[in-house]
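This report concerns only the one structure given below.
Every read-out reported here was derived from the displayed coordinates using simple, explicitly stated rules and does not represent laboratory data. The shown structure was predicted, so the numbers you read here are calculated from the model rather than taken from an experiment. Quick reminder, even Gly has a Cβ in these numbers, built from the backbone with ideal geometry, and neighbours come from all protein chains shown.
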Amino acid sequence: MRRARPVLGTLVEIEAHTPRGESAAQEAIDAAYAEIADIHRRMSVHDPASELSELNGTASRRPVVLGEQTARVLATALRFAAESGGAFDPTVAGHLQALGSLPVHGDDALDPRARWSDVQFLDDRRVRFRRPLRVDLGGIAKGYAVDRALAVLRCAGVRRAIVNAGGDLALYGRAPQVIHLRDPASGRPARSLALRAGAIASSAATFSRRVRDGRMVSDLIDPRDGAPLVSGTGVSVVAGDCLTADALTKVVLFAPPAIAARVLAGAGARAIVQPSGAAP
Amino acid sequence: MGSKTRWTWLPLATVAAAAPAHAMVYLSVEQAQRLMFGAAALEPLPLALGADDVAAVEHASGTRYRTGALRGWKAADGYLYVDQVVGKHDLITYAVALTAAGTVRQVEILEYREAYGGEVRGAAWRGQFVGRKFGDPVATGRDIQNISGATLSCQHLADGIRRLLAVHALVVAPR
């Protein structure tokens, strides 16, 4: 049983097989979609009512208490930011706003010097910002939603499952599944690999690349200078979970190779780099 | 973390053939009906829109209305619509369940077909779907199921749902 729904700004596909029959599989899939919708409600930067929007609107003035899941995803994002020397940074929202990729809620002026280390956990759940900034978990929350959906399927007794959120994909089962990777330049499936359990995520600027004010931009921002990535390089990361895979694609795209290799090794992950294709 | 993950490269020849298609049939119309409305009886809605209706729907939704794409049914506690949207690279058939009050309760993709290099808008490529029944197996050996690396934006799906809601609000609900 395989279904697809538009959520998280993309098509999210869920496949589940259980010996208990089709309606059991359908129920498990419904529960997995409900979990994804819940995570989206908490962590969406587009929804003014989300936990993340509350954090962004308030934490530079006073500490905000986050829900357990949002706190966990933010803490993981900050850990990868520290390990990668800022090559992955969940506080690039100011740059994305300037490029017109993210909505502006309220009228707070963001501090262009703000970075990940200005996000401070006072305890497990209480967070404040040392400078006015915006956190965007878009580079990582989708992977987390995929992981949680897969966990829901596992708890429901599903024997074999795949969750694919527009290319952020995680699965488990007895037999390996063939996963195709898109060529970043053409969008066509170009390479493939077999995966039995675990996760894969892919990033390439070409998936969001466009011309704005006569200049080529994309949604992938180098956190260190705010410049949008416009090269055609594509990166896929295979890891034990999709949250890790999702974050590490950005580390590999932006970190110096030695640092990227160290962060990958520390996470037990592997990267597949598809070099730049034809220039746009 | 996942250092136990085992993975291997596969030969690339299987996907190197010209114009591979990512195509999936998820649900038939009947399966979607069961999923969304259980065993409840559904009565087909006549959806032959007059020129005035089409103009009103296009104005309200900001999208073009394609005659014949939309089908609808009325249930005791809501409505089911099945529609098709054609994007630059893909064609999506989808079902929307509305409550009796006309708000979206559930969206399910019935069929997704992707092609590369603009084939979707070409008549020849689209011709593949003429006469297809929902639930027909996706036949070709070149169909690709799991892809990592997004190009999907779902924007045209959002446009389709907006148009469908305009049809419901302006044409069906006032009847």
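For the peptide B:24-32, the mean number of other protein chain Cβ atoms found within 10 angstrom of a residue's Cβ is 3. A Förster radius of 41 Å, combined with the Cβ-Cβ distance separating A:Arg79 from B:Thr99, puts the computed FRET efficiency at roughly 0.45.
Stretching A:Ala265 away from A:Arg113 to a fully extended chain increases their span by 51.7 nm, per 0.36 nm per residue minus the current alpha-carbon distance. Looking at the stretch A:113-205, which chymotrypsin sites (Phe, Trp or Tyr not before Pro) are DSSP coil and have at most 12 other C-beta atoms within 10 Å of their C-beta? Those that pass, being in a loop and sparsely packed, number zero.
Within straight-line reach of B:Lys88, meaning a Cα separation under 14 Å, sit the following aspartates and glutamates at least 8 residues removed in sequence or on another chain: B:Glu114, B:Glu119, B:Asp159.
Once the Cβ-Cβ distance of A:Arg174 and B:Ala169 is raised to the sixth power relative to R0 = 51 Å, the FRET efficiency obtained is 0.55. Shown for A:Leu110, A:Leu133: other C-beta atoms within 10 Å of each C-beta, ranked fewest to most, produce the order A:Leu110, A:Leu133.
Exposure proxy for A:Asp89, A:Asp168: other Cβ atoms within 10 Å of each Cβ, ordered fewest to most, give A:Asp89, A:Asp168. The ranking of A:Cys155, A:Cys242 from fewest to most other beta carbons within 10 Å of each one's beta carbon is A:Cys155, A:Cys242.
The modelled label-to-label distance for the pair B:Ala55/A:Thr58, using points 7 Å beyond Cα in the direction of Cβ, is 5.1 nm. Sorting the segments A:47-53, A:75-81 by their mean number of nearby beta carbons within 10 angstrom, highest to lowest, gives A:75-81, A:47-53. Other residues lying with their Cβ under 14 Å from the Cβ of B:Ala41 contribute a combined charge of -1, Lys and Arg counting +1, Asp and Glu -1.
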